[in-house]
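The values are calculated or read from the model by the stated rules, or taken from the named source; none is laboratory data. Not measured: the values here are computed from a predicted model. Backbone-built Cβ (ideal geometry, glycine too); neighbour counts: all protein chains shown.
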């Protein structure tokens, strides 16, 4: 092949969970991956213009990323997921992602795979099918998948390890906060990063719901909510259950008008006791000032409560 | 939800339980419900809470909730938590897991433990037929009320029909009342043109089936001389819910080149019906949904493209706790005027 073949990866939605899997997979198959830049204002504005008004912010951001890859690759990769684990579901936006993009940007060449574990359509078979569609032989496809999953696993394990060691290396004086939110929010340059950075600047030790053992988290989520079915929300609940006694406060990062989060946040406010929780609802008009004020007050209150508790102990 | 309180009451009574019917919806219902609901949860949740609050003021032991392929499946647990925190006590029977008729009947039994399956099945059969009768009557009215010569005739007949239907307890009884009502309705004098404006209404199930939630949009359309078609009904939903994936595959087929994978809940169906009706020569569609309903937002990406590329009129309406009637009235009026003008232009061309 004289010309290098390029696959475009939008740096949004599931990219933040699976980028190691995907880049390894495509590169093993001999395709160069081109990734969109971290979210910026222009990308967000384009996404807002392309999306249906009532779409959630992550979907708007996603469309901006997809469009930005036009002309920079031979096809943009937009996977479609309905269920990753039997008896569980993912958010309907992942079900619609491929068709939304296809109908919003009809001229853009796309490649996709479908995962619906509930109906026996598993990731491996779907990715091997995509590999063949991209012209790879079965042996090459299987090897690419094996290497990709191994790389992704190693990446995930490392993320957990880093957070666990941060937990152990605790500075007893520092306020520690668990930031809970979907990976595509927390890892996003415009959505989650300003929050994580700002908390850091306040001297807070930050743990995230993203760097956890996911299967363990999903198990633990049942203690908080027995009937919730969204895989990613189970992970968030599990993170809360895992860390609730190790943190001084929890910050929920919710993008407007997230369906699953609208209900999960409510349940958490009612069922989680013993640790203060603040819910931040972000829309695309978010000014940083308001956010900072709320975070600053939250941290101040935690510090104040701590001081009061310490003084009480000192007197006793 | 619509007039479905009637078959549900019958089912409860035939199982030996006492149905407590929520009072007719008012703004108060919605406001009270919204007040205790998460801010941007979809509006059917808020209506449910309003209904629960208004009935829990009385003596209620059991609340039944169902589920669907979207947030609806998670309503039960959260509503239960909110109501209990408010101090209410009741048992929640959550039908969201029921995937087959036997499991549905088994779950229903929790409403009246100890009742024989024979009674449940009989009650279910009668209630089912009652629901179908209501749907048949409403379908006829939807298509023809806009053309009745004497305004109010059909509404009076429907009121009488519901009164007659309420006490029926046998399949034969239901069939008789249904036949009488449809006969009477068919005899109502109409001034209906040979080719009236035909508009389909699609979207999310709750706002489709509860006229209060959609500001009476179907009636408003009809009153502009439109034959209104709507497809989603309670019985159609129960049938597709229990029928496994068959319904989804059928909808994907009907949606043609526009949808590759199921969009979730009623999303695929919204596109499928629109595409089918457009190809059958319908004059336009109205798409209705609660604010933020994600499967329908996904469908909208597709519908907007169909509308654009085929110059097919689609009116998009979104409902939440703040919707005022006037906005809907004006938009429906403008939409129908536009359809009328298009029709005349095509006729003269």
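Annotations for the structure displayed:
- Some residue of region B:281-295 being free of Cβ contacts under 8 Å to residues at least 40 places away in the same chain and outside the structural domain of residue B:25 (by TED's automatic domain parsing): no
- Single match in B:188, B:199, B:174 (criterion: touching a helix residue (DSSP H, G or I) at 6+ places or on another chain (Cβ under 9 Å), in a loop (DSSP other than H, G, I, E, B) and at pLDDT 95 or above): B:188
- Some residue of region B:127-148 being outside the structural domain of residue B:244 (by TED's automatic domain parsing) and either more than 25 Å from the chain's Cα centre (by Cα) or closer than 23 Å to residue B:46 by Cα (or both): no
- Every residue from region A:256-276 that is away from chain B (no Cβ under 14 Å) and surrounded by 15 or more Cβ atoms within 10 Å (Cβ to Cβ): A:275, A:276
- Residues in region A:159-177 that are part of a helix (DSSP H, G or I), surrounded by 11 or more Cβ atoms within 10 Å (Cβ to Cβ) and modelled with pLDDT of 90 or more: 6 in all.
- Applying the set (1) within 13 Å of chain A (Cβ to nearest Cβ); (2) farther than 24 Å from residue B:41 by Cα; (3) in a loop (DSSP other than H, G, I, E, B) to residue B:275 leaves exactly one unmet item: (3).
- Only one of A:212, A:302 that is touching a residue at least 40 places away in the same chain (Cβ under 8 Å), in contact with a helix residue (DSSP H, G or I) (Cβ under 6 Å, 6 or more places away or on another chain) and either more than 14 Å from chain B (Cβ to nearest Cβ) or on the phi > 0 side of the Ramachandran plot (or both): A:212
- If the condition is being touching a strand residue (DSSP E or B) at 6+ places or on another chain (Cβ under 7 Å), surrounded by fewer than 24 Cβ atoms within 10 Å (Cβ to Cβ) and in a helix (DSSP H, G or I), then region B:287-307 contributes only B:307.
- Candidates B:268, B:235, filtered to the one that is in a helix (DSSP H, G or I), in contact (Cβ under 8 Å) with a residue 12 or more places away in the chain, within 17 Å of the chain's Cα centre (by Cα) and surrounded by fewer than 18 Cβ atoms within 10 Å (Cβ to Cβ): B:235
- Within region B:202-232, being part of a strand (DSSP E or B) and either within 30 Å of residue B:124 (Cα to Cα) or under 13 Å from the mean Cα position of the chain (by Cα) (or both) holds for B:202, B:203, B:228, B:229, B:230.
- The lone exception for residue A:70 - which of (1) out of contact with any helix residue (DSSP H, G or I) (no Cβ under 7 Å at 6 or more places or on another chain); (2) surrounded by fewer than 22 Cβ atoms within 10 Å (Cβ to Cβ); (3) within 11 Å of chain B (Cβ to nearest Cβ) it fails: (3)
- Those residues of region A:32-61 which are within 13 Å of chain B (Cβ to nearest Cβ), in contact (Cβ under 8 Å) with a residue 60 or more places away in the chain and assigned to a helix (DSSP H, G or I), in sequence order: A:57, A:58, A:60
- Which numbered condition residue A:223 misses (of (1) within 14 Å of chain B (Cβ to nearest Cβ); (2) assigned to a helix (DSSP H, G or I); (3) touching a strand residue (DSSP E or B) at 6+ places or on another chain (Cβ under 8 Å); (4) surrounded by fewer than 19 Cβ atoms within 10 Å (Cβ to Cβ)): (3)
- Candidate set from region B:31-64 (those that are touching a residue at least 24 places away in the same chain (Cβ under 8 Å), away from chain A (no Cβ under 11 Å) and outside any helix (DSSP H, G or I)); member that is nearest to residue B:293 (Cα to Cα): B:64
- Boolean, residue A:95 is in the same structural domain as residue A:29 (by TED's automatic domain parsing), surrounded by 21 or more Cβ atoms within 10 Å (Cβ to Cβ) and free of Cβ contacts under 8 Å to residues at least 40 places away in the same chain: yes
- Answer residue from region B:239-265, given it is in a helix (DSSP H, G or I) and in contact (Cβ under 8 Å) with a residue 40 or more places away in the chain and is nearest to the other protein chains (Cβ to nearest Cβ) among those: B:258
- Per-region count, region A:5-31, residues part of a strand (DSSP E or B) and closer than 13 Å to residue A:151 by Cβ: 0
- Every residue from region B:49-71 that is crowded, with 18+ Cβ neighbours inside 10 Å and more than 19 Å from the chain's Cα centre (by Cα): B:53, B:54, B:56, B:63
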